[in-house]
Amino acid sequence: MRELSHGAEIFRRGRRLPLFYNDAATRGPRQFFDGIPLNLATIPLALTPALVVDDDTNARRRLAHVLRTLGADDAELAFAADAAEADRRMQERRFALALIDIELPDVSGIELIRTWHGREDAPAAVIVSTFGTQDLILSALQAGAIGYLLKERDDDELAAALHSIRGGGAPIDPFVARHILRLVAQTHGSTSASAASATDALAEPLTRREEEILQFVAQGLTSREIAGQLSRSTSTVESHVKNIFAKLQVSTRTQAVHQARTLGLLH
């Protein structure tokens, strides 16, 4: 097994298990939806050293067994019964992965992930919980969790999901994934309806080219840069910008972007 940067690794042993959710094909800049990274995991990650955070002794033993089936040694595993103990374990060594229950005695597992998120030594965090409500799922992913698994799954299913991390995937339980997809679909429909209403509200709707240029303006590009993107002259782009100003009834780019956001014209 060859170690890569930031705990990444190439897995060379064991049979390949079916994956729950693997977005390795979507690698690239992280995309966000309502504060949630859509490509939750983009590079292969190591499973060990691993920290299991759960106040239930049987749950800790079970997850340790699952990790051992994936090749973990006892020396690579550490355990904590609450957030305070987890923080102490973090001071003792650096972990590649943390499996965290939501209901901890001192603070929520989600809050624990939030306090770790952004730290240089923060492990990849996966929630393993009995509960899978939409609010909890979204809160966990927004806090920085790369996955969300349900304890009701059998050991083989949990192992398969965690195995996906080695390939750059995100261990998302199918039930949890349905919640996320439903929310995305609902919000997309709402956004589309808002955009349609905004177009109707304009005395003269923007042309397709003007909408395209407006997107570039919102990104902060100059007329010259937009011209380069569209293979058009700078004067042509500036003419389109003036038309956009007139239709939105504004006089500056900042006002145009603000008005466009208010009307739901930007995506």
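The values are calculated or read from the model by the stated rules, or taken from the named source; none is laboratory data. Predicted, not measured: the structure shown is a model, and the values here were computed from it. Here the Cβ positions follow ideal geometry from the backbone for every residue, glycine too, while neighbour counts run over all protein chains shown.
Taking into account only those residues within segment 226-243 that are within 22 Å of Q259 (Cα to Cα) and free of Cβ contacts under 8 Å to residues at least 12 places away in the same chain, which is surrounded by the most Cβ atoms within 10 Å (Cβ to Cβ)?
Selected residue: S239.
Inspect segment 104-117 for any residue being assigned to a helix (DSSP H, G or I), in contact (Cβ under 8 Å) with a residue 40 or more places away in the chain and farther than 23 Å from T57 by Cβ and give the result as yes or no.
Looking through segment 104-117, none of the residues is assigned to a helix (DSSP H, G or I), in contact (Cβ under 8 Å) with a residue 40 or more places away in the chain and farther than 23 Å from T57 by Cβ.
Go through segment 93-103 and give me each residue that's within 19 Å of E76 (Cβ to Cβ) and part of a strand (DSSP E or B).
L97, A98, L99, I100
Give the residues of segment 133-165 that are over 14 Å from I113 (Cβ atoms), within 17 Å of the chain's Cα centre (by Cα) and modelled with pLDDT under 90, sorted by residue number.
The answer is Q134, D135, S164, I165.
Return the residues of segment 110-132 that are modelled with pLDDT of 90 or more, under 15 Å from V176 (Cβ atoms) and of a type in the set (G, A, S); say none if nothing qualifies.
The answer is A125, S129.
Report whether or not D154 is acidic (D, E) and more than 18 Å from A78 (Cβ to Cβ).
Here the answer is yes, as D154 does meet what is asked.
Looking at segment 244-260 only, could you name the residues that are of a type outside the set (A, V, I, L, M), in contact (Cβ under 8 Å) with a residue 24 or more places away in the chain and over 11 Å from V217 (Cα atoms)?
K247
Which members of segment 223-253 meet the condition of being within 13 Å of R209 (Cα to Cα) and not in a helix (DSSP H, G or I)?
Of everything in segment 223-253, those that are within 13 Å of R209 (Cα to Cα) and not in a helix (DSSP H, G or I) turn out to be S231, R232.
Based on what the data block shows, is D121 surrounded by fewer than 19 Cβ atoms within 10 Å (Cβ to Cβ), touching a residue at least 24 places away in the same chain (Cβ under 8 Å), assigned by TED's automatic domain parsing to the domain that holds D56 and more than 20 Å from G169 (Cα to Cα)?
Against the criterion (surrounded by fewer than 19 Cβ atoms within 10 Å (Cβ to Cβ), touching a residue at least 24 places away in the same chain (Cβ under 8 Å), assigned by TED's automatic domain parsing to the domain that holds D56 and more than 20 Å from G169 (Cα to Cα)), D121 qualifies.
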